[in-house]
Amino acid sequence: MSTFLERLDDANRKSKQLANSLKSNEEKKSQLRIESILLQSIIAFDDLLSKYKDCRNKCGFEWDIKNNQQACQIYDDLRKLSKNIEIEDEGTLNNVTKKINEVNRNAIQDWNIFWDDKYSKIRKKLSSVSSLLDKEQVESINNQIDKGRDWNNLFDTASNGNTNFCNLIEAYNLSEQLIDNLNLKPEIRMFIDNVSKNKARISDLTDEILDWIRNNDLDSKFRITFLNK
């Protein structure tokens with residue numbers, strides 16, 4: 001991506017040189033304005049790709065294949081525009097900006113689905129055994145997980161100096177560690193896993209699981225509901 005940005009910077013410098021040679025001050029203003037729009041689009045697109053790559057590499061997030069195709073098209077469009085952008089290209093550039101916004105909107109939807117599937121489940125697991133853990137620690141973990149749900153604010157700096165994304169990753173790993181350290185029997189771990197996925201059945205409540213729930217005062221952590229099918 002750095003090579004791509006370097007080419008765009010070079011094109012931007014050439015465009016400014018062209019603007020300086022224009023006879024009309026109005027033409028100069030228009031040329032500089034469209035260059036500014038191009039630069040803003042480049043920055044927005046670069047930020048979006050960087051965010052996606054971080055999420056993909058560090059937590060396994062994959063957005064929809066259509067977003068990949070759209071991103072490739074945006075890359076090609078920006079590359080072409082950067083070679084010799086002119087005032088007449090403003091309509092094309094505006095369309096590229098709209099595409100970038102569309103990719104970001106799609107990314108928000110994909111991230112919400114991903115968060116629900118991965119991080120909401122670990123939150124439920126932690127909640128089901130929270131009475132066996134430090135209350136303040138559990139609340140802090142849940143808060144960090146919740147703040148990691150907002151795609152647009154994912155890389156904002158939190159109060160502890162880390163980004164919301166870094167806190168989300170750390171909170172997830174800590175949750176797994178805390179649950180592992182409880183040394184629960186496989187049958188109980190499977191029951192908790194099913195509860196987090198909303199797949200637990202009354203038939204899963206064996207004597208061993210019921211004894212574990214009672215002995216650890218977890219009665220209030222579980223409830224029985226009817227499924228509407």
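The values are calculated or read from the model by the stated rules, or taken from the named source; none is laboratory data. Every value quoted in this text rests on a predicted model; they were computed, and no experiment measured them. Here the Cβ is made from the backbone with ideal geometry for all residues, glycine too, and neighbour counts use every protein chain on show. Ligands, DNA and RNA are stripped out before the accessible areas are found, and what is left, the full protein with its side chains, is counted by its heavy atoms. Shrake-Rupley method; radii C 1.70, N 1.55, O 1.52, S 1.80 Å.
Data table
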item	result
Single unsatisfied condition, residue 62 versus (1) in a helix (DSSP H, G or I); (2) over 30 Å from residue 182 (Cβ atoms)	(1)
Residue list for segment 160-171, filter: within 12 Å of residue 119 (Cα to Cα) and open to solvent by 50 Å² or more (accessible area, probe 1.4 Å)	170
Answer residue from segment 1-60, given it is touching a Leu at 6+ places or on another chain (Cβ under 6 Å) and among the β-branched types (Val, Ile, Thr) and is modelled with the highest pLDDT among those	42
So residue 100, is it outside any helix (DSSP H, G or I) and of a type outside the set (Ser, Thr, Tyr)	no
Selection within segment 122-157 - closer than 23 Å to residue 188 by Cα, open to solvent by less than 20 Å² (accessible area, probe 1.4 Å) and not in a helix (DSSP H, G or I)	129
Qualifying positions in segment 160-192 - farther than 18 Å from residue 139 by Cβ, within 24 Å of the chain's Cα centre (by Cα) and assigned to a helix (DSSP H, G or I)	165, 166, 169
Segment 65-89, residues that are among the small types (Gly, Ala, Ser) and either more than 18 Å from residue 107 (Cβ to Cβ) or in a loop (DSSP other than H, G, I, E, B) (or both)	82
